Amino acid sequence: MTLAALGTLACQGGPATWVAVHRLHHAKSDRTGDPHGAQHGFWWSHIGWMLTRPPHKMDPKMKERLAPDILRDPWLRLLDSYQLVWAGLSVLLLYGLGGWSWLLWAGCVRLVLTYHATWLVNSAAHLYGYRSHPTNDRSTNCWWVALLTFGEGWHNNHHAFPTSARHGLGPGEFDVSYWILRVWQRLGWASDLKHPRRAPRETLAAVC
Ligand SMILES: [Zn+2]
Ligand SMILES: [Zn+2]
């Protein structure tokens, strides 16, 4: 609940929107139907898709079709329906606490940085880096995206094992998000962390 509320403050859509787009990406990765397919190049997958052809315009029923489980949860549905209200309240809170400087740094600058970090997973981590697993897409493991996204840049690993809580699988593939999840598991805040059933390590192709 808390993490979903905090995640919504990233202003990247509510939980159901985010999950629906993500599931569509996994189902059609880098093929026709992928909302941000990297086969169209860096800028399209980074930001162009969102500016010109966001998925909700392609398919207004996308959330009902692809994220019905999320919409059945009353809290997640509330967050999804009122994401802009929630974001607006956070803006008022920042301004109330620290004035324009807080609004600039904790609002605008934070959003721009997190937007680009997230978008780099869609763009750079489908174009630059190495591939450890023969997935049916262009996903790559890209160390500098992993650095910026606390481990999400090990994106070829993620496409190979999409339910795994752990993205960094090979030597040197640091995964800060997974380390945090392990701490939370010890504290009882997280449970049922999933892992790959196998972890082959075979570099298939160096993309750059
Ligand atoms: Zn991907
Ligand atoms: Zn994914």
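Points to keep in mind about this one:
- Residue in the range 160-173 that is assigned to a loop (DSSP other than H, G, I, E, B), more than 23 Å from ALA10 (Cα to Cα) and aliphatic (A, V, I, L, M) present: yes
- Conditions (1) in contact (Cβ under 8 Å) with a residue 60 or more places away in the chain; (2) within 16 Å of ligand 2 (Cβ to nearest atom); (3) exposed (fewer than 15 other Cβ atoms within 10 Å of the Cβ); (4) among the aliphatic types (A, V, I, L, M); number of the one not met by MET1: (2)
- Only one of the numbered conditions (1) closer than 21 Å to PRO162 by Cα; (2) without any contact (Cβ under 8 Å) to a residue 12 or more places away in the chain; (3) surrounded by 15 or more Cβ atoms within 10 Å (Cβ to Cβ) is violated by GLY48, and that is (1).
- Flag for THR114 being over 19 Å from GLY7 (Cα atoms) and hydroxyl-bearing (Ser, Thr, Tyr): no
- Members of the range 24-78 that are part of a helix (DSSP H, G or I) and β-branched (Val, Ile, Thr): ILE47, THR52, ILE70
- Residue list for the range 7-35, filter: within 9 Å of ligand 1 (Cβ to nearest atom), more than 21 Å from SER177 (Cβ to Cβ) and out of contact with any Asp or Glu (no Cβ under 6 Å at 6 or more places or on another chain): ASP34
- Condition check for ARG110: in contact with an Asp or Glu (Cβ under 7 Å, 6 or more places away or on another chain) and surrounded by 13 or more Cβ atoms within 10 Å (Cβ to Cβ): no
- Residues (more than 11 Å from ligand 2 (Cβ to nearest atom) and crowded, with 20+ Cβ neighbours inside 10 Å) located in the range 14-29: GLY14, PRO15, ALA16, THR17, ALA20
- Whichever residue in the range 79-88 is part of a helix (DSSP H, G or I) and not aliphatic (A, V, I, L, M) and, among such residues, is surrounded by the fewest Cβ atoms within 10 Å (Cβ to Cβ): GLY88
- Checked against the criterion of being among the aromatic types (Phe, Trp, Tyr), under 21 Å from TRP18 (Cβ atoms), within 16 Å of ligand 1 (Cβ to nearest atom) and touching a residue at least 40 places away in the same chain (Cβ under 8 Å), the candidates TRP154, TRP119 yield just one match: TRP119.
- Note on the range 48-82: residues that are of a type in the set (Val, Ile, Thr) and modelled with pLDDT of 95 or more total 1.
- Screening THR163 against (1) within 28 Å of HIS40 (Cα to Cα); (2) modelled with pLDDT of 95 or more leaves a single unmet condition, (2).
- The range 26-51, residues that are of a type in the set (A, V, I, L, M) and in contact with a helix residue (DSSP H, G or I) (Cβ under 9 Å, 6 or more places away or on another chain): ALA27, ALA38, ILE47, MET50
The values are calculated or read from the model by the stated rules, or taken from the named source; none is laboratory data. Treat the numbers as computed from the prediction; the structure is a model and nothing was measured. Positions of Cβ are backbone-derived with ideal geometry, glycine not excepted, and every protein chain shown enters the neighbour counts.
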